Structures are given as structure tokens and as C-alpha cells.
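Novice: Here it is: the structure, laid out below.
The values are calculated or read from the model by the stated rules, or taken from the named source; none is laboratory data. Predicted, not measured: the structure shown is a model, and the values here were computed from it. Heads up, the Cβs are rebuilt from the backbone with ideal geometry, glycines too, and the neighbour counts pull from every protein chain shown. Side chains are part of the model used for accessible areas, which takes the heavy atoms of the whole protein and leaves out ligands, DNA and RNA. Shrake-Rupley method; radii C 1.70, N 1.55, O 1.52, S 1.80 Å.
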Amino acid sequence: MDFDPRDTSGRETLSARQVAERFVELFHHQDNVVDAFNAWVHPDYIQHNPNAPSGRDATLEVLAAAVRNNPELTHDVKRVIYGEGMDGPEGMVVVHHNFRRTRGERGWAVVDIMRIKDGYVVEHWDVMQEVPETAKNANSMF
Amino acid sequence: MRPARLAAIGLLAIAAVPAAAAGPAPAKGCTTRDVANGFIPLFYEQGKVREAYETWVAEDYKQHNPNATDGRDAAIAFLEPFYQRNPTHKMTVYRVLVDGDLFAVHLRGQTGPDDPGAAAVDILRVKDCRIVEHWDVTQRVPESSANPNGMF
């Protein structure tokens, strides 16, 4: 990694792809939801996940509580898909991952979709599905 | 440039991009976006399951949806009767991202106009002008939400 994901000093010079890389590194790879949100999420972040209120601080409260209650909570990234124009200031990113609250559980398959604009994550959608015990194919959900 | 030459170049450009309508898709020379632009309108918007799958999906398509078996024929066998039994079923595509050999589709499926429906993201991998692999995540849209923004 050739960047410090907590360094926001050059925020206005970063491309949407660079912001996404930093956020995903902190939130998904390091499971550090607090640092990820404080560094990269805009205060007016528009939330589309039905379980969280809109806004950075309101969402962070929900996420930080989940982390406190589940110290093994982890996001295991499977693939990241970038939209067009990510070398400019605005674009969309998709993160397909396995979210687990404890190491032993199957957890959820999740796709996070984020809109990045001018150095911030400004909008978030997601779809979450519990990973079932059995499947009709041998390929896993991932 | 003379009009005839411009017209000829225009025709060559059009011929290089696979048509979205009936007829076999080419076997190579497609971008991922070409395949997305071919498959999305046929399958999601027009509900033409068999045509969409037979044109754009490889026979040995690898399936990651836990409710489905591998292969194109299995997908058609499940989806075609579902659409026939549910003629008011509709899918709305909200956003599409294309990156390398993958494209992602964020959509809603509804059985009819009063059904809040389900949110889904389909992720599709493309190789040699065909969709060869499919992952998805699906979630019913709940009755209530902690925010006023809707899931889409």
C-alpha cells in the first residue's frame, strides 16, 4: 500500500478512485468503521440502508455500536467494481463482501454501493442477504 | 471528408458493435459494456428471458446464487416459467457499473406495481462476448425504514 488511508490532508486533490481505495482499506479491510467514517464520509451522507438513519454521525452511531458488541466483526472483500470516471472527482464504487459478526458464522453476502464526490463518500446503498446453510451449486455465494 | 466516405465509416462503426436485437451475438471483439448493453435491455427491461440468455450467456455459465444450479439452461428453466406465471413482474434498473470484465446491476424486482419488491445487485463476468459467471445479493424491501431515502 503506497498511501496512508487516514491521511486526508490532500483530500481535494484525490480522485474518486483514491478516496474509495482509502475508505475501503479502513472500513472493509481493517474493519475500522470509526476511522473510515471520520476520515472519508461527508457529514450529510445520504443513507439508503433501511436500518440506519441518514447522515454520517447517525450511521456511525449504529455501526460503532455493532463493532463494540461484536469485537470479531469483519468484512471479507471479494471484489471491488469501479464505475466510470473514477479518475475524476466523482464516481461510484461497488464492494462485494462477506460480512460476519463472529468468525464462526456464515454471515451475510453484502454489496455496498457508494457515491464519491469531491473527496468524500456522499451516498450509500446496500443489499444484504444471509448466507444459507446449503446451496444448489458448489460455488459459494462468492 | 466526402459524405459517402463518412457514411461508410459510420456503417463500419455500427457493424463493429453487436446489435441488441435478435440474432447471435459475435464470438469475440466485444467490450464488457457491449455485452451489458445487449443483455440489460433484453433481460431486465423487456423480460425476454430466453432471447437474452441464448444470445448473451455462455452455456456453462457459473452460478453463485444459492437457489440455482449451474448453467444457462437451468437459469432459463427457472426464469422462463416464473415470468410466464407472473406477467406483471417487472424489474427496474437503477444503476450499472462496468469495470474490466465485470459489470454490476442495481435493480428492484416487483411482482406488481403495489409490491415494494426486492432489491438486488447482480454481478456478471464477461468473457468472449458472453456472460460466464453470475453472483447476486437479494433483499426484500422492508415496510419501514430508519431514513426517508428509499433503498434505491
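Novice: Those residues that are open to solvent by less than 10 Å² (accessible area, probe 1.4 Å) and within 16 Å of A:Glu90 (Cβ to Cβ), I need them from the stretch A:13-26; list them, please.
Specialist: A:Ala16, A:Val19, A:Ala20, A:Phe23
Novice: Would you call B:Thr88 open to solvent by 50 Å² or more (accessible area, probe 1.4 Å), of a type in the set (Val, Ile, Thr) and modelled with pLDDT under 95?
Specialist: Against the criterion (open to solvent by 50 Å² or more (accessible area, probe 1.4 Å), of a type in the set (Val, Ile, Thr) and modelled with pLDDT under 95), B:Thr88 qualifies.
Novice: Now a separate question. Are there any strands (runs of 3 or more DSSP E) wholly within the stretch B:100-152 with 2 or more residues that are closer than 12 Å to A:Pro50 by Cβ, and if so which?
Specialist: The strands (runs of 3 or more DSSP E) meeting that bar are B:130-140.
Novice: Can you report the number of residues in the stretch A:115-126 which are aliphatic (A, V, I, L, M) and under 16 Å from A:Leu63 (Cα atoms)?
Specialist: Number satisfying all stated conditions: 1.
Novice: In the stretch A:1-12, which residues are assigned to a loop (DSSP other than H, G, I, E, B) and surrounded by fewer than 12 Cβ atoms within 10 Å (Cβ to Cβ)?
Specialist: Within the stretch A:1-12, A:Met1, A:Asp2, A:Asp4, A:Asp7, A:Ser9, A:Gly10 meet the criteria.
Novice: Would you check if A:Tyr45 is farther than 27 Å from B:Gly117 by Cβ, among the hydroxyl-bearing types (Ser, Thr, Tyr) and within 14 Å of another protein chain (Cβ to nearest Cβ)?
Specialist: In short, no.
Novice: Is it true that some residue in the stretch B:74-89 is closer than 23 Å to B:Phe152 by Cβ and touching a strand residue (DSSP E or B) at 6+ places or on another chain (Cβ under 9 Å)?
Specialist: yes
Novice: With respect to the numbered conditions (1) of a type in the set (S, T, N, Q); (2) farther than 23 Å from A:Thr134 by Cβ; (3) not in a loop (DSSP other than H, G, I, E, B), which one is the sole condition not fulfilled by B:Thr88?
Specialist: If we test B:Thr88 against (1) of a type in the set (S, T, N, Q); (2) farther than 23 Å from A:Thr134 by Cβ; (3) not in a loop (DSSP other than H, G, I, E, B), just (3) comes out false.
Novice: Could I ask something else about it? Could you tell me whether B:Gly117 is of a type in the set (Gly, Ala, Ser), over 20 Å from A:Val95 (Cα atoms), more than 8 Å from every other protein chain (Cβ to nearest Cβ) and in contact with a Gly (Cβ under 7 Å, 6 or more places away or on another chain)?
Specialist: For B:Gly117, the condition - of a type in the set (Gly, Ala, Ser), over 20 Å from A:Val95 (Cα atoms), more than 8 Å from every other protein chain (Cβ to nearest Cβ) and in contact with a Gly (Cβ under 7 Å, 6 or more places away or on another chain) - is met.
Novice: Across the stretch B:64-83, what is the total count of residues that are on the phi < 0 side of the Ramachandran plot and out of contact with any helix residue (DSSP H, G or I) (no Cβ under 7 Å at 6 or more places or on another chain)?
Specialist: Of the residues in that region, 12 qualify.
Novice: Sticking with this one: Residues that are open to solvent by less than 60 Å² (accessible area, probe 1.4 Å) and in contact with a Ser or Thr (Cβ under 9 Å, 6 or more places away or on another chain): does the stretch A:54-63 have at least one?
Specialist: No, every residue in the stretch A:54-63 fails to be open to solvent by less than 60 Å² (accessible area, probe 1.4 Å) and in contact with a Ser or Thr (Cβ under 9 Å, 6 or more places away or on another chain).
Novice: Working only within the stretch A:122-141, note down all residues that are open to solvent by 30 Å² or more (accessible area, probe 1.4 Å), within 7 Å of chain B (Cβ to nearest Cβ) and hydrophobic (A, V, I, L, M, F, W, C).
Specialist: Passing the criteria: A:Met128, A:Ala135.
Novice: Let me ask you something else. Working carefully through the options B:Leu102, B:Leu97, find the one that is over 30 Å from A:Leu60 (Cα atoms), modelled with pLDDT of 95 or more, buried (at least 18 other Cβ atoms within 10 Å of the Cβ) and facing another protein chain (nearest Cβ under 9 Å).
Specialist: Just a single option satisfies the conditions, and that option is B:Leu102.
Novice: If you check B:Trp56 against the conditions, is it facing chain A (nearest Cβ under 7 Å) and of a type in the set (Phe, Trp, Tyr)?
Specialist: The answer is no for B:Trp56.
Novice: Considering only residues that are more than 9 Å from chain A (Cβ to nearest Cβ) and open to solvent by less than 60 Å² (accessible area, probe 1.4 Å), which ones fall in the stretch B:125-146?
Specialist: Of everything in the stretch B:125-146, those that are more than 9 Å from chain A (Cβ to nearest Cβ) and open to solvent by less than 60 Å² (accessible area, probe 1.4 Å) turn out to be B:Val126, B:Cys129, B:Arg130, B:Ile131, B:Val132, B:His134.
Novice: State whether one or more residues within the stretch B:66-84 are crowded, with 18+ Cβ neighbours inside 10 Å, at pLDDT 95 or above, among the β-branched types (Val, Ile, Thr) and not in a loop (DSSP other than H, G, I, E, B).
Specialist: The answer is no, given that none of the residues of the stretch B:66-84 is crowded, with 18+ Cβ neighbours inside 10 Å, at pLDDT 95 or above, among the β-branched types (Val, Ile, Thr) and not in a loop (DSSP other than H, G, I, E, B).
Novice: Just one of the numbered conditions (1) out of contact with any His (no Cβ under 6 Å at 6 or more places or on another chain); (2) farther than 14 Å from B:Ala36 by Cβ; (3) of a type outside the set (Gly, Ala, Ser) is not true of B:Thr111; which one?
Specialist: (1)
Novice: Whether any residue in the stretch A:27-42 is surrounded by 15 or more Cβ atoms within 10 Å (Cβ to Cβ), within 14 Å of chain B (Cβ to nearest Cβ) and either free of Cβ contacts under 8 Å to residues at least 60 places away in the same chain or closer than 17 Å to A:Glu123 by Cα (or both) is what I want to check.
Specialist: no
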